[in-house]
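The values are calculated or read from the model by the stated rules, or taken from the named source; none is laboratory data. Since this is a predicted model, take the numbers as computed values, not measurements. Because the Cβ atoms are built from the backbone with ideal geometry, glycine has one as well, and the counts that use them run over all protein chains shown. The protein model used for the area step is the full one, side chains on, heavy atoms only, and it has no ligands, DNA or RNA in it. Shrake-Rupley method; radii C 1.70, N 1.55, O 1.52, S 1.80 Å.
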Amino acid sequence: LSLSLRYEKGQFVTAATRGDGTVGENVIANVRTFRELPFILSGEVPDLLEVRGEVYLTKQDFQILNHRQAEIGGKGFANPRNAAAGSLRQLDTSITAERPLKMFAYAWGDVSEPIADSQWDFLNRLKGWGFEVNPITKLCTSLSELMVVYRYVGSQRAALNYDIDGMVYK
């Protein structure tokens, strides 16, 4: 589930899903329950910064969630993506708070000033601000390096602790 976080002067101010592509859903109250997101950014931070990322549940956390659902007679989720999306859109923030949602940050939206010379530099800035960036992200400088990473991810895909649709090259 795609998520945009907005920071003003380093302070988290709002969160929205992609919604219909034009208008997203305001999910700020639920995002405030995330345990691993930075809500105050320190260091050199633009006055306005929109961080985009992907919300997910690990496979292990998904299994635990479905086990808990079964224990209380609730309906299980079909897959981690549906569970994450439903959890983020809950009207009751206490339900969201009980679910270990995580986010891989990967892009920027609105910014008040240039933020990085490259995608790689931006990912390193994100890490410096406390965001989780996908650990299998690699900087490649040739097609052959891209293909090595592609084959590696393909061979490890089933063993990852989260589901992926594929890979993105930037």
Q: Would you mind checking LYS75/LYS127; LYS75/LYS170; LYS59/LYS127; LYS102/LYS138 for any pair whose Cα atoms are more than 28 angstrom apart?
A: LYS75/LYS127; LYS75/LYS170
Q | Option label - Cα extents along the principal axes in Å computed here, alternatives (i) 51, 41, 29; (ii) 57, 41, 33; (iii) 46, 32, 24 | A | (i)
Q) Can you give the accessible area of PHE104 in Å² (nearest 10), computed on protein heavy atoms with a 1.4 Å probe? A) 20
Q.
What FRET efficiency comes out for ASN79 versus ILE28 if R0 is 30 angstrom and r is the Cβ-Cβ distance? Round to the nearest 0.05.
A. 0.70
Q) Sorted by accessible area with a 1.4 angstrom probe, largest first, how do ILE64, ILE164 fall? A) ILE64, ILE164
Q. How much solvent-accessible surface does MET103 expose, in Å² to the nearest 10, with a 1.4 Å probe and all protein chains in place?
A. 10
Q: Enter the accessible area per residue of the chain (Å², integer; probe 1.4 Å; all protein chains in place).
A: 59
**Q.** Solvent-accessible area, 1.4 Å probe, carbon plus sulfur percent, for the range 1-128
**A.** 48
